[in-house]
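Q: My questions all concern the structure below.
The values are calculated or read from the model by the stated rules, or taken from the named source; none is laboratory data. This structure is a prediction, so every number in the text was calculated from the model and none was measured. So basically every Cβ, Gly included, is an ideal-geometry build from the backbone, and we count neighbours across all protein chains shown. Keep in mind that these areas ignore ligands, DNA and RNA; they rest on the heavy atoms of the full protein, side chains included. Shrake-Rupley method; radii C 1.70, N 1.55, O 1.52, S 1.80 Å.
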Amino acid sequence: MNTLENNDKQCASGATPPRRSFLRKLAAGATLAGALMLGAGQAAAATTWKIQSVWDAGTVGYDLFEEWCNSIEEKSGGELVFKPYPAKAVAADNNALFDAVRNGVLQGMNPFTLYWSGKIPASVFLSSYPAGPDQPHQWDTMFYSLGMLEKTREIYKKYGLFYVGPIQHDANIIHSKKPVNSLADLKGMKIRVPGGMVAEVFQQFGVSTVSLPGSDIFPALEKGTIDAADYVGPAVNYELGFSQVTDYILFGPPGVMSIYQPVDLMDLTVNLRAWNSLDPKLQQLVEEEVRIYSQKHYLTIQKRNIEAMEKFRADGDTVSRLSQEDLQAFRRAAIPIWYNWANKNDDAKAIFDMQLKYMMNDTVGYVTEQDLKAAGK
């Protein structure tokens, strides 16, 4: 029987001729190989960024950051992966973190923007400062509507960095071992506050300022080597045990938690080369996601703050508030110091000029010509 007759019989009986079977197997194998190659190509095309936060592992701040980072892969269709790291995981301290992103060891960081005041003087005006804009929406307005984001990116570009956008965090408040009901009550007290502009303004009211890392605040309060301490907001401060070593909490006037650092901003900053190599569609996704994350982070912290204040009250802590008159006095003392920092370089001055114009606009009205004259400006 020849091959053709055999094939005819197999077709008649419903069997697949050997040659056709072979071709089908060959085609199926090619399809599978192509699928595997496509899958490998997609995996190779995914861009992975290592991003370190300044939040310690296990904190609410890091939990939120980690959750957000892990969502990027799905939102980008697998094209972009954010691999999060907690504080000190790759870069051991803030200086190392800054350098690691500039050098490309890390592709990004999630710091408090104020950390770079010694490296980028303009950064003191990229997060809240004493008696400056004190509402979160004011900062979003300046960044996203008044050109401050574009100017900030121009400044960061000089350092090989791309500032993606601000991330709203919280206000900073003061916990005290003795009651404080006015600025006058601060005179003679020894208080842990951030350095720089904040310390300089408090010193105008007779405060002896001390700079301590966060881990040293509790023991200093416990031993009585300081009378009071600034740190972040109620949620984190309660977790740190401040209610165990202090009895009083100082806020600003109603609606203002803090008069010295009311809108403490974080950000997402990435290596400039890494940013430029990203597809424009992914760049847009990252920018949009930062704005979404900023709101989620802020609102989650505010919810935790409300819960924490109930705990502080239950522990016997007393809340006091400074008056509007105290806020005005604080602002008058701060204005000359604003100018001192603005004059450190052209970039700092450019950012400050934007903000001063905004604060003097009638929609805000925080600063008047009379205020500037009184400050000798």
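Q: Sorting check: for 247-254, 195-202, which peptide has the highest mean count of neighbouring beta carbons within 10 Å, and how do the rest follow? Mind dumping the intermediate values first?
A: Details: 247-254: 18.0, 195-202: 20.4.
The peptides rank, most packed first, as 195-202, 247-254.
Q: Next question. So what is the relative contact order for the chain, in percent, with contacts set as C-alpha pairs under 8 Å and at least six apart?
A: So the answer I get is 21 percent.
Q: Taking H placed 1.01 Å from N in the peptide plane, check which residues at least 5 places from Val210 or on another chain put their amide H under 5 Å from its amide H.
A: Ile191, Arg192, Val193
Q: Scan [x] 23.5; [y] 21.6; [z] 20.9 for the value of Kirkwood radius over Cα pairs in Å calculated from this model and give just the label.
A: Recomputing Kirkwood radius over Cα pairs in Å here picks out [x].
Q: How big is D for segment 112-209, in µm² s⁻¹ as a whole number, if Stokes-Einstein is applied with the Kirkwood radius of its Cα pairs at 37 °C and 0.692 mPa s?
A: Once the numbers are plugged in, D ends up at 214 µm²/s.
Q: List every residue whose amide H lies under 5 Å from the amide H of Val164, counting only residues 5 or more places away in sequence or on a different chain, with H placed 1.01 Å from N in the peptide plane.
A: Leu268, Thr269, Val270
Q: Further question: Using the heavy atoms of the protein chains and a 1.4 angstrom probe, tell me the accessible area per residue for the chain in square angstrom.
A: Result: 47 Å² per residue.
Q: Please list the non-local residues whose amide H lies under 5 Å from the amide H of Val81, H modeled 1.01 Å from N, same-chain partners needing a gap of 5 or more.
A: Thr47, Thr48, Trp49
Q: Ignoring ligands, DNA and RNA, what percent of the accessible area of the chain is carbon or sulfur (1.4 Å)?
A: 51 percent
Q: Rank-order 280-290, 322-332 by packing density, defined as the average count of other C-beta atoms within 10 Å over each peptide's residues, highest first.
A: Output ranking for 280-290, 322-332: 322-332, 280-290.
Q: Per residue of segment 233-246, what does 6.51 cos²θ - 1.76 cosθ + 1.60 with θ = phi - 60° give for ³J(HN,Hα)? Whole Hz please, x for Gly and Pro, Karplus curve as stated.
A: My calculation for segment 233-246 gives x, x, 4, 6, 5, 5, 4, 7, x, 4, 5, 7, 10, 9 Hz in order.
Q: Given the convex hull over the Cα atoms of segment 60-156, what projected area results after averaging over all orientations, in nm²?
A: Result: 7.8 nm².
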